[in-house]
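The structure appears below as structure tokens.
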Amino acid sequence: MAGTRTAAVLVLVCLHFHRSGSFNLDVNNSIVYSGPEGSYFGFSVDFFKGISPIGVCLCYGITSSPLLRSDVLIGAPRANMSSDSIVERGVVYSCPWSGSSACQQLLFDNKGTRRPFSLMEFKSKQWFGASVRSDGEHILACAPLYQWSTFGVSEREPVGTCYLKKGNQVVEYSPCRTGMFVSSCPSIRSGILFLPLPIQVHNLSYGQLISDDVSEIFNRLNNDYITRYGNTLSTKSANAQYDDSYLGYSVTVADFNGDGKDGKSDNKGDLYNAGVLQIHQCEMFTQFSHTYKEKAQMIWCSYFVFHPSVSNMDVFIGAPLFMDRASEGKLKEVGQVSVYLGRGGFSFQPPQLLTGTHTYARYGSAIAALGDLNMDGYNDVAISAPYGGPNHNGLVYIHNGSPQGPKATPSQCLEGKWASSYMPPSFGYSMSGNTDIDQNGYPDLIVGVFGADKAVLYRARPVISVNATLDITPLIINPEEKNCTLSGTNTPVSCCGGATFRFCLITLPAFRVDLMLDRLKQKEATKRVLFLYSRTFQYSKDMTVSNGKGPACEEQMVYLRDDREFRDKITPISVSMEYSMNYQQAADKTGLQPIVDMSSPSEINKQVHILLDCGPDNICKPDLKLSVKSDRDQIYIGDDNALTLEITAENQGEGAYEAELHIYPPQQADFSGVDRSQTLSRLSCAYKKENQTKMVVCDLGNPMKGGTKVSDRCISNQFDNTSPKVTSVIKLAVLAKVSIRGSSSPGQVFIPIANWKPRDPPVVGDDIGPQIVHVYELLNNGPSTFSKAALEVKWPYQFRNGSLLYIISYDTEGPINCTTEIQINPLNVSNPLSSSKNTSTVTPGGRESEGRNQKSVRQRRDLESRNAENDLQTLDCHTAKCLTLKCQVGRLERRKNAILFIYSRLDVNNFLRPENQNRSYVIQSTASFSVIEMPYKNLEMELPSNSTTVSVSVVWVAEPPPPVPGWVVALAVLSGLLLLALLIFIMYKLGFFKRVRPPQEDCTEKEQLQPEENGNTDA
């Protein structure tokens, strides 16, 4: 690694793990017990823990008391015993919580129906096992539908009976074989048995509570059908107003007066003050709230449980049929539980209400004390809704306790997963908790699902709560101090500290620790600090800490990269530590895995800073000044000439780190670049676009030291800076230079045309006259754009009741669309010459050649036209009749045009009329435009308009004299020859040809001289 590495950091990490709890009932590994189909297996459930003579258990570092034999008791009131003549006697099963052993029937009674004398009992369908309770030594199971007859078969009384089992000894307890009914909710506390007894006599229901000493029940064991006990306590019969009130339907026992005794009192016969609570339609519990009394009128029964919290007793009363008004005002059965926190003795606070959320779920049907699941000193409670959930399979809510009572929001919700073919599963109809069956230090929960003939055991998972501290020293890294060297190199770095990790655990789970340096930087960004030995920004390690030992610590050194390798010196360096548990490794021998407390954070973050050149407080206080100057006060939209802004930035305070100049041009402007002037500082600027926002970023230095002044020229259309903010306002204007021009092809026509004859009606254009094409071009020279314009052409088409310029057709090019007020080409004349818009291919000479093609004729016409210029007549909309051609021109940007071609024929026949002959004309068409709309808002603008005229000259040329006939020429020639012959004859007659010859001598002399002239000389 090139360059120097500077600074180091000492990181001290302390982690402390302890067990606490919430969300810790193991749902995925629950133990499910199944019974015979239709036996109502799970109608009642409880725990049984018998003392084993040997062994101790070590679970998660906690030494238990002597090993206990733990089983789950499950009642099946409609089950049949093997080889039994009794129909649906009912069975109580004992199921081991661990191992593969199956549930076994507990033997309480295997006798048939007894008929002593006139007495008779009926055990079929007695629902034995409808209630099962255990105090750890005894098991109590009752048959509430057991019937007894004292007067023969015709008179049956459902007095009920119970069996009390201790080891192999079983005793029947049925104190009411005189016409009373044993409830399904007996209780055993401190060796005293309590039975609530709703009594039916002559169709009147009233109630009674009976208490007996368990030891006396065993001591008086005999074969008598009716046994009297000496220590029996019972309540008096209720008044008539409580008839049909189900007095004693549910009962519980507690120590209200704080004397440490449950169910005993100095005042015999008063079970109410002795700690027994009885509810009949919630009306006798007047010490509670009248509000609850009024609401309770809508329920048919109440269930309750005492929930000890420190020294006071708390009471939970369920109202499964409670109806509440929904938002639309209708009553809905949702169920409700009222919580009465004890003040001491039998005094309670106003109730707290827990209301169900599912209709017809029977929320509050069963309430079970769980004990302290999270070991925070406050007991927790389970409340069931047997018919709740999306499939009505049942729900059980776990509420954690707090100093203010149970938390309104459940920490966990158990959902029934078992369906039944013959009735609702009723998950949560019966529950029992507050027993640590697996001896791991956490209470467990058993839930009955009698509709599916099942019971489910939920074991509590040990919860690991994490207390972690991350200490970093020093908190400020000095890049100038270098007192260490990178391993394997000679590069000096600063090592003024190290990193220490400490993990403190009470139990034995394995944790994985991940440390990340400079976490807030993105993965692709340069990390400013690295671990000294690995030269990476991440470090991971698996650690196991034993219970009771000191914290396990590990140190890691960290160094700072060279400041040339990164830019950010101001942002704190974030150090993050994450920790997670290895659940598989932390599981106990039964496979139960601990869980990390959800309320504990899963990571720790600390920050460290880089020492800056900003004084002793390491806080930079720059004083940035910014100014901007523009080369123009106004720019036009669409102008190619760039706007140049000269920006001056100055720091008059302490160093400004990562100083940048931010320029925000408007959306309509583009950044061209930075002017590299010789007189200005050279800056590095970059053009960026983030979230549709344009931005030019220029680096002013890192740091931009005090007293520094830089200037730059940025080419844009607007400037904006964040801190301090300086705005350069340039007036934005709109300017569209729109021009119109036109031309005529040909520009001059000569008449009359030789050998031309009119045709009526005309078929082709030549039957009318020569073609005249007028071309109009609307050109936007910019710089701005216009979005809509109107073009109007005034076209002379009639003169002196005759056609002038007959329009065959018109054509356009560009965003233009035209219409006329009268019909074009009503004679439907074809015009083959208008197939091409490129009129430049047809020269003016070619147009003129439609008349006389001889050169001499053209010269004569040119000469005559020059002589006739002073006699031209203008034909326009003032002297001729015009039609109007209206055009709509669309959006035209800079240097874009729209062209209109008008193809017409000059009506020659109109000019051959006597009144129009011998004169020359100038025919003029006029085009005008006006810009209607421009695509800009809130800007001052001037809408341009203009017009132009296109002319074509019609020149009249006089007819030349007719040619001399041939016979005249022949006659003249013959006449001349006859005249010549006559002259010759006359001269002959006169002797003109008879002249005198010269003398002969002259000829002789000539002959004598001839040899001498040829150069022949005689010798």
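Set side by side, the residues 404, 439 differ, and just one is touching a Cys at 6+ places or on another chain (Cβ under 8 Å), in a loop (DSSP other than H, G, I, E, B) and not aliphatic (A, V, I, L, M), which is 439.
In the set (1) modelled with pLDDT under 85; (2) in contact with a strand residue (DSSP E or B) (Cβ under 7 Å, 6 or more places away or on another chain), residue 76 fails one condition alone, (1). Report, by residue number, each residue of the stretch 578-601 that is touching a residue at least 40 places away in the same chain (Cβ under 8 Å) and in a loop (DSSP other than H, G, I, E, B). Across the stretch 578-601, the qualifying residues are 588, 590, 591, 592, 593, 594, 597, 598, 599, 600, 601. Of the set (1) at pLDDT below 85; (2) in contact with a helix residue (DSSP H, G or I) (Cβ under 8 Å, 6 or more places away or on another chain), all apply to residue 59 but (2). Condition check for residue 597 on (1) within 38 Å of the chain's Cα centre (by Cα); (2) open to solvent by 40 Å² or more (accessible area, probe 1.4 Å); (3) over 30 Å from residue 525 (Cα atoms): one failure, at (2).
Of the numbered criteria (1) in contact with a Leu (Cβ under 9 Å, 6 or more places away or on another chain); (2) without any contact (Cβ under 8 Å) to a residue 60 or more places away in the chain; (3) exposed (fewer than 14 other Cβ atoms within 10 Å of the Cβ), the one residue 629 fails is (2). Restricting 387, 378, 360 to those that are surrounded by 24 or more Cβ atoms within 10 Å (Cβ to Cβ) and either of a type in the set (Ser, Thr, Tyr) or not assigned by the TED database to the domain that holds residue 453 (or both) reduces the list to 387. Can you tell which of 118, 98, 124 is at pLDDT below 90, under 21 Å from residue 433 (Cβ atoms) and outside any strand (DSSP E or B)? The unique qualifying residue is 98.
Within the bounds of the stretch 150-160, is there any residue that is closer than 20 Å to residue 225 by Cβ, modelled with pLDDT of 80 or more and among the polar types (S, T, N, Q)? Scanning the stretch 150-160 turns up no residue that is closer than 20 Å to residue 225 by Cβ, modelled with pLDDT of 80 or more and among the polar types (S, T, N, Q).
Taken together, the residues in the stretch 477-531 that are at pLDDT below 80, not charged (D, E, K, R) and not in a loop (DSSP other than H, G, I, E, B) amount to 12. For residue 964, the test of being among the hydrophobic types (A, V, I, L, M, F, W, C) and within 25 Å of residue 743 (Cβ to Cβ) is failed. If you filter the stretch 537-554 down to residues that are open to solvent by less than 60 Å² (accessible area, probe 1.4 Å) and hydroxyl-bearing (Ser, Thr, Tyr), you find that the one that is modelled with the lowest pLDDT is 546. Could you tell me whether residue 329 is in the same structural domain as residue 432 (by the TED database) and within 41 Å of the chain's Cα centre (by Cα)? The answer is yes for residue 329. Residues of the stretch 948-962 that are under 30 Å from residue 820 (Cβ atoms) and either of a type in the set (Lys, Arg) or surrounded by 15 or more Cβ atoms within 10 Å (Cβ to Cβ) (or both): 948, 950, 951, 952, 953, 954, 955.
Quick grid of which residues meet (1) open to solvent by less than 50 Å² (accessible area, probe 1.4 Å); (2) over 21 Å from residue 778 (Cα atoms):
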position: 908; (1), (2): yes, yes
position: 917; (1), (2): no, yes
position: 937; (1), (2): no, yes
position: 940; (1), (2): no, yes
position: 943; (1), (2): no, no
position: 964; (1), (2): no, yes
position: 977; (1), (2): no, yes
position: 983; (1), (2): no, yes
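The values are calculated or read from the model by the stated rules, or taken from the named source; none is laboratory data. None of the values given here were measured: they were computed from a predicted structure. Neighbour counts are summed over all protein chains in view; Cβ atoms, including those assigned to glycine, are modelled from backbone coordinates with ideal geometry. Calculation scope for accessible area: heavy atoms of the full protein, side chains included, ligands and nucleic acids excluded. Shrake-Rupley method; radii C 1.70, N 1.55, O 1.52, S 1.80 Å.
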